[in-house]
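First the structure, in the form of structure tokens, and then the observations on it.
The values are calculated or read from the model by the stated rules, or taken from the named source; none is laboratory data. The shown structure was predicted, so the numbers you read here are calculated from the model rather than taken from an experiment. Note that each Cβ is placed from the backbone with ideal geometry, even for glycine, and that neighbours are counted across all protein chains shown. Quick note on the areas: whole protein, heavy atoms, side chains included, nothing else; ligands and nucleic acids left out. Shrake-Rupley method; radii C 1.70, N 1.55, O 1.52, S 1.80 Å.
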Amino acid sequence: MATLNLFSQPWQPTISPSFCCSNTNNNNNVVYAYHNHNSNSNNSKLHLFSNSRQFSVLSQLSTNSSKSGSGSSWLQNSSFVAGIEYRKRPLYSVFPTKPAQVSSVEDLYEFICSGPLLDKIGITQEQVAESIDNWLLYGRYLCRLFQLNELYLTEPQKARIYHYYVPVFLWCEQQIAEHQSKFKDGEDIPPLVIGFSAPQGCGKTTLVFALDYLFEVIGRKSATVSIDDFYLTAEGQNKLREANPGNALLELRGNAGSHDLALSVETLLALTKLTREGMKMKLPRYDKSAFNGRGDRADPSRWPEVEGPMTVVLFEGWMLGFKPLPVEAVKVVDPQLETVNKNLEAYYDAWDKYIKSWIVIKIKDPNCVFQWRLQVGFLNILFQKLQTVCWEPGCSIHVLSCFEYAG
């Protein structure tokens, strides 16, 4: 089981109109998320640890804008699409502005070899040298994706690409090769399902976004699914709230019990059967903007379609891999958690048993999640105020594309 440890001074987040990060559902999730992944599973797992400023740069839901500051060609011109198709929109952040020019392949090679993940994923410096053309190619693709000048990357941007995204991508490729080697010639090979688990705001959605793009450009067929896609419909959420009066943890979406597990099983099973050309299916999506932010399942006509043969499924969520705790321990934290904890019992069969490889991003201090949520709250307020003063048709969409709806 590969393990990466990244430790430095705690990061103190700053609030800026151009800063963005992932969102969360409610503050009560923090304690719940802290008990993540005490599993003895034999499945492959890549653990990423951090509580640091370095990590906040590497894995926030953010990146640098282009010099012009304009959106890219794949910015969606719909507030609905911006809410549910978060995987296909430009991402912006505040990075240091001093350029660190990549002056030679040798310099980049040395930088790659200084990364903390190489030993953990079993890649030697000699192997980096032999495959340096691939590293350059993947880096170029990611710079194109995030609208960065590959010759003038800042140190955090270089680290994000060559110390984080590309090594994780190569690890995923290793896992795919190992998975496919278990099948005989002529057999249908189901896609490998890789689970991405991390507290809210760690950047798992952006990581999946980058990996999905790299798979696409090298010709592999991949699908991305979030646990958010399996939230109950608005009607189902109302019934859940009525069945648990006074339980704030089940009043809104987010915690165990607020997901349509039958839809999860149906979707994941269907994905694992996409083994041949011409086989197609639609992936459910959730519209967080519906009903004034309470959300609802998106209309199926707006669900994206994927086609086989599928190589890999990237499945991400903040509570993937969670297991119920002893009732006594839960009650001490919050009596309302008892029902949520009980609901978790059904989640292994609906989610976790389909995941064959894991990427687990851990933070040292769960309080970072709360601070990241404050940033999202600030951005939501900013967006509401901008809507009142900005009447250009594309203006509010451009602002909206910088962050997800809360929850």
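Taking all protein chains as they are arranged and a probe of 1.4 Å, the heavy atoms of Glu155 leave approximately 100 Å² accessible to solvent.
Within the full protein context, the accessible area of Met281 is estimated at about 30 Å² for a probe radius of 1.4 Å. For Trp303, the solvent-accessible surface with a 1.4 Å probe is about 50 Å², rounded to the nearest 10.
Filter the cross-link list Lys221/Lys356; Lys221/Lys323; Lys282/Lys356; Lys239/Lys356; Lys204/Lys331 down to pairs whose alpha-carbon distance in this structure exceeds 28 Å. Exceeds cut-off: Lys221/Lys323; Lys239/Lys356; Lys204/Lys331. Peptide packing for 352-361, 203-212 was compared via the average number of neighbouring C-beta atoms within 10 Å per residue; ordered from the highest value, the list is 203-212, 352-361. Straight-line cross-link reach from Lys362 at under 15 Å between alpha-carbon atoms covers these aspartates and glutamates, not counting any fewer than eight positions away in the same chain: Glu316. In the range 282-352, the portion of solvent-accessible area held by carbon and sulfur atoms comes to 52 percent [1.4 Å probe, whole percent, DNA, RNA and ligands not counted].
Pairs with C-alpha atoms separated by more than 31 Å, drawn from the list Lys158/Lys280; Lys120/Lys280; Lys182/Lys280, are Lys158/Lys280; Lys120/Lys280.
Spacing of the modelled spin labels on Asn149 and Val105, each 7 Å from Cα toward Cβ, amounts to 2.3 nm. For Met281, the residues 5 or more places off, or on other chains, whose built amide H falls under 5 Å of its own are Val306.
Taking label positions 7 Å along the Cα-Cβ direction at both Ser181 and Asn244, the computed distance is 4.4 nm, reported to one decimal. Measuring from centroid to centroid over Cα atoms, what is the spacing of the range 165-199 and the range 204-254 in Å? Cα centres, the range 165-199 to the range 204-254: 22 Å.
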